[in-house]
Amino acid sequence: MRRIMRLFLCLSLMLAGTSALLAKDIDISGIRFGQNGEVTRFVLDVSEKAEPSIFLLADPYRVVIDLPEADWRASDKVKGEGAVDGFRHGLFAPGIYRIVLDLKAPAIVKKSFHLAPRGGYGHRLVIDLETTSRTQFLTAVKDSKKARPVMVSKATPDVVSPRRSVTGKRIIVIDAGHGGPDPGNLGVIGVHEKVIVLAIARAVRDELNATGRYDVRMTRDRDIFWPVRERFRIARRHGADLFISIHADSISKPNVSGASVYNLSETASDKEAARLAARENKSDVIAGVNLEQADDEVSSILIDLAQRETMNFSAQFAAILVSELERDVPMLRRGHRFANLGVLKAPDVPSVLLEAGYLTNKQNARFLNSRDGQRRIAKAVRRAIDRYFEQMVALGR
Ligand SMILES: [Zn+2]
């Protein structure tokens, strides 16, 4: 009997082992580029055969390669060659690991194939790109869309749930900017924005949770990408009372430092704000989101009178947040600014974008990357939220 039990145990362990193996992500252990005439070859060393889904995007020219969830162990320092200028990669959505190749000039996928282990090499995925004309590239963009199954977002449709969570607490949604194949900007200390803002977002969450007064949700709590619209949709689905998107800025002048808080406006408060909006709104382009399907519901909502109240609340919160940050965090002059930021376009959730500081200033970048800096920011955000809702209560809301 015991032997049978042992055999059974052994078998079930084996089965568990296989299913764990099946569920396991692929490993990408190396990548390289090579050029041969008009053909640029992209080779990925993979742990097993993986079927890529490849499509093209124009303006700028990009090749997007989607793979099953992968563990990236390859070097990020590999330089593009031939038609390829550079690349980015990361978790695009649950189950989809994305590599985006930026092209110097239009190039189409001539072929892609799998190579079995041989001659000291393991499994390889090979993608051959061939330079082409713009017209041919644009045709290939259309064809690649047709050939590829349309990815359906797993997200449920917008449901604006009643305010207050079941516990009666105010719901705060914290959005750590960027993620996955969109790393945000790389500061002088060599840490990407997506990493630093997630650390700040977690510090804010922990600070708010410690009060016991708020129900805090995060748009992401790992290195994953969300399209800009999806971020505020998450806030709407949670029935958020407040939405705070956290970013860190960059600029060509290394002496500029300090935090600023942004509200939505179709007209930017200054040139820098316009530039910032252009940068931050590019997130979807960087991560290779096909923007063609995007509708214009938001711009029509934007002019809706119903949004005015939300914008008022957003501005009130931004002003309070600036004054609380000023007490303990390095600030930019004129800390309260306006820009046309896509992530702030929820029509019914008061929203602000916190640019926590500049990663292009060494001291500021170190502050943002430190536990102490993150805690100071988190405390300022918590104090601002406390004050804002006290004010709301006073107004009978
Ligand atoms: Zn950003």
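The values are calculated or read from the model by the stated rules, or taken from the named source; none is laboratory data. No experiment lies behind these values; they were computed from the predicted model shown. Quick reminder, even Gly has a Cβ in these numbers, built from the backbone with ideal geometry, and neighbours come from all protein chains shown. The protein model used for the area step is the full one, side chains on, heavy atoms only, and it has no ligands, DNA or RNA in it. Shrake-Rupley method; radii C 1.70, N 1.55, O 1.52, S 1.80 Å.
Quick one: residue 181 ticks every box in (1) within 19 Å of residue 381 (Cα to Cα); (2) within 16 Å of the ligand (Cβ to nearest atom) bar one, so which box is it?
(1)
So in segment 235-276, with the set limited to residues that are within 13 Å of residue 338 (Cα to Cα) and open to solvent by less than 10 Å² (accessible area, probe 1.4 Å), which one is farthest from the ligand (Cβ to nearest atom)?
The selected residue is 263.
What is the residue count in segment 305-322 for residues that are open to solvent by less than 40 Å² (accessible area, probe 1.4 Å) and out of contact with any strand residue (DSSP E or B) (no Cβ under 7 Å at 6 or more places or on another chain)?
Going through segment 305-322 one residue at a time, the tally reaches 4.
Within segment 313-355, can you find the residues that are assigned to a strand (DSSP E or B) and either within 16 Å of the ligand (Cβ to nearest atom) or free of Cβ contacts under 8 Å to residues at least 12 places away in the same chain (or both)?
332, 337, 339, 351, 352, 353, 354, 355
So the check is Cβ under 7 Å with 6+ separation or different chains; which pairs have a first residue in segment 116-140 that's in a helix (DSSP H, G or I) and a second one that's of a type in the set (A, V, I, L, M, F, W, C)?
Final answer for the pair search is 136/108; 137/56; 137/58; 137/108; 138/58; 140/56; 140/108.
Matching residues to (1) assigned by TED's automatic domain parsing to the domain that holds residue 208; (2) over 24 Å from the mean Cα position of the chain (by Cα); (3) under 25 Å from residue 229 (Cα atoms):
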{"site": "309", "(1), (2), (3)": "yes, yes, yes"}
{"site": "326", "(1), (2), (3)": "yes, yes, no"}
{"site": "329", "(1), (2), (3)": "yes, yes, no"}
{"site": "355", "(1), (2), (3)": "yes, no, yes"}
{"site": "369", "(1), (2), (3)": "yes, no, no"}
{"site": "384", "(1), (2), (3)": "yes, yes, no"}
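Which residues, taken from segment 71-103, are small (Gly, Ala, Ser) and more than 17 Å from the chain's Cα centre (by Cα)?
Scanning segment 71-103 gives 74, 75, 80, 82, 83, 86.
Could you go through segment 204-215 and let me know if any residue there is among the basic types (Lys, Arg) and within 15 Å of the ligand (Cβ to nearest atom).
There is no residue in segment 204-215 that is among the basic types (Lys, Arg) and within 15 Å of the ligand (Cβ to nearest atom).
From the list 134, 170, 163, 124, which residue is within 26 Å of residue 317 (Cβ to Cβ), at pLDDT 90 or above and over 21 Å from the mean Cα position of the chain (by Cα)?
Answer to the check: 170.
Please tell me if residue 367 is without any contact (Cβ under 8 Å) to a residue 60 or more places away in the chain, at negative phi and buried (at least 18 other Cβ atoms within 10 Å of the Cβ).
Criteria met by residue 367.
Considering only residues that are outside any helix (DSSP H, G or I) and either modelled with pLDDT under 95 or within 25 Å of the chain's Cα centre (by Cα) (or both), which ones fall in segment 18-33?
Within segment 18-33, 24, 25, 26, 27, 28, 29, 30, 31 meet the criteria.
For segment 384-397, name all the residues that are surrounded by fewer than 18 Cβ atoms within 10 Å (Cβ to Cβ) and part of a helix (DSSP H, G or I).
386, 387, 390, 391, 392, 393, 394, listed by residue number.
For segment 163-174, indicate whether the set of residues that are hydrophobic (A, V, I, L, M, F, W, C) and either surrounded by fewer than 24 Cβ atoms within 10 Å (Cβ to Cβ) or assigned to a loop (DSSP other than H, G, I, E, B) (or both) is non-empty.
The answer is yes; a qualifying residue exists.
When you look at residue 281, is it at negative phi and either out of contact with any Gly (no Cβ under 7 Å at 6 or more places or on another chain) or more than 16 Å from the ligand (Cβ to nearest atom) (or both), yes or no?
No; evaluated as a whole, the condition is false for this residue.
Can you find, within segment 184-203, the residue that is nearest to the ligand (Cβ to nearest atom) among those that are more than 25 Å from residue 252 (Cα to Cα) and not basic (Lys, Arg)?
201
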